[in-house]
Amino acid sequence: MYQVRGEKVLDKKAYAVLEFIVNSSQDGDSIVLEKDEILSGVDNAVDEEELAYCIEDLSLNEMIAVKYSDENLYVVTPLPKGRVAAEKKVRISKLAEIERKSLQEELVIDYKKIAWVAGFFAFLGGMFAAAIAFIIARIS
């Protein structure tokens with residue numbers, strides 16, 4: 001976590017945990033999650049130590065409320081601020097993906113078209129060279 005203009009900004013790992021919690025909860029209800037479930041849900045992007053730090057960080061930033069926690073279990077509730085942050089992060093990532101796809105579509109090279117154009121102009125060049133050779137042969 002770092003600060004920008006006095007505002008706390010979460011790192012990617014904390015956002016991954018937040019997204020998992022928000023997506024696991026329905027309508028902002030409290031949910032019971034095991035550590036292993038969270039770790040596998042974020043594709044092992046964090047380890048157990050980092051998970052505890054992320055949960056604490058999210059709680060301190062009022063993104064989630066931790067009702068209960070022990071060595072293997074968390075009972076958490078996503079707060080409105082956390083839901084908005086997770087939705088915003090998802091929206092930004094979807095926009096970036098759409099932009100990336102549109103750039104890839106623009107950069108698609110049609111090799112068949114290039115081959116046809118190159119072949120056509122090679123044929124024209126050969127015809128032009130043959131015509132000049134024919135004319136030179138007639139003149140000499």
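The values are calculated or read from the model by the stated rules, or taken from the named source; none is laboratory data. Just so you know, these numbers come straight off a predicted model, no measurement behind them. When we count neighbours, we look across all protein chains shown, and the Cβ atoms used for this are built from the backbone with ideal geometry, even at glycine. Just the protein is used for accessible areas: all its heavy atoms, side chains included, with ligands, DNA and RNA removed. Shrake-Rupley method; radii C 1.70, N 1.55, O 1.52, S 1.80 Å.
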In the chain, what percent of the accessible surface is made up of carbon and sulfur (1.4 Å probe, ligands and nucleic acids excluded)? 58
GNM on the chain, C-alpha springs below 10 Å: top fluctuator among I64, I38, I98? I98
At 222 nm, what helix-only mean residue ellipticity would the chain give, in deg cm²/dmol to the nearest 500, using -39500 (n - 2.57) for each DSSP H run of four or more? -21500 deg cm²/dmol
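Determine the dipole magnitude for region 17-140: charges of +1 sit on the beta-carbon of Lys and Arg, -1 on that of Asp and Glu, nothing else is charged, the reference point is the Cα centre, and the result goes in debye to the nearest 20.
Dipole magnitude for region 17-140 comes out near 1620 debye.
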Taking GluC sites (Glu not before Pro) as exposed when in a DSSP loop with at most 12 other Cβ atoms inside 10 Å, the chain has its longest clean stretch at 72-140
Please work out the average accessible area per residue across region 4-128, using the 1.4 Å probe convention, and give it in Å². 72
Where Cα atoms sit under 27 Å apart: lysine pairs in region 13-110 separated by 8 or more or lying on different chains: 18
Given the protein chains as shown and a 1.4 Å probe, how many square angstrom of D11 are accessible, to the nearest 10? 50
Mean shadow of the chain, computed from the convex hull of its alpha carbons, in nm²? 15.2
Could you give the nm distance between label points at Y111 and D29, where each point is 7 Å from its Cα heading toward the beta carbon? 5.4
